[in-house]
Amino acid sequence: AEIAAECRLSIRELELLKLAVEGIPRSHLAEVVGVSENTVKTQIRSLLDKCGQEALSGVVWWVRSRSSQ
């Protein structure tokens, strides 16, 4: 919740981030949430912009490192 508020993530962006942190591969996210791959790509691009990262793996690492503190 803290990261979602800090980065101003939408509900879907937060859902995608949670799934990625849980270890769901990016290639399977569209299938898991039930949307097209293009939709997921757009939502991840927005998530990355909001978090100031260039790759989803960077955001996942950032989230994991913050939760272990």
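Taken together, the values in this text are just the output of simple stated rules run on the coordinates, not laboratory data. This one's a predicted model, so the numbers in the text were calculated from it and none came from an experiment. Backbone-built Cβ (ideal geometry, glycine too); neighbour counts: all protein chains shown.
Are there trypsin sites (Lys or Arg not before Pro) in the range 1-48 that DSSP puts in a loop and that have at most 15 other Cβ atoms within 10 Å, and which ones? If you can, show how the numbers build up before the last one.
Numbers: sites: Arg8, Arg12, Lys18, Arg26, Lys41, Arg45; in loops: Arg8.
Here the trypsin sites (Lys or Arg not before Pro) that fit, given the DSSP loop and packing criteria, are Arg8.
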The range 1-59: GluC sites (Glu not before Pro) in DSSP coil with no more than 14 other Cβ atoms inside 10 Å: Glu22, Glu54
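Say R0 is 22 Å: what FRET efficiency, to the nearest 0.05, do Asn38 and Ser68 get from their beta-carbon distance? Show your work: numbers first, answer last.
Numbers: r = 34 Å, r/R0 = 1.53.
For R0 = 22 Å, the calculated efficiency reads 0.05.
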In Å, descending, principal axis extents of the Cα set of the chain: 34, 21, 20
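Around Val32, what is the net charge, scoring Lys/Arg as +1 and Asp/Glu as -1 over all other residues with Cβ under 15 Å from its Cβ?
So the surrounding residues net to -1.
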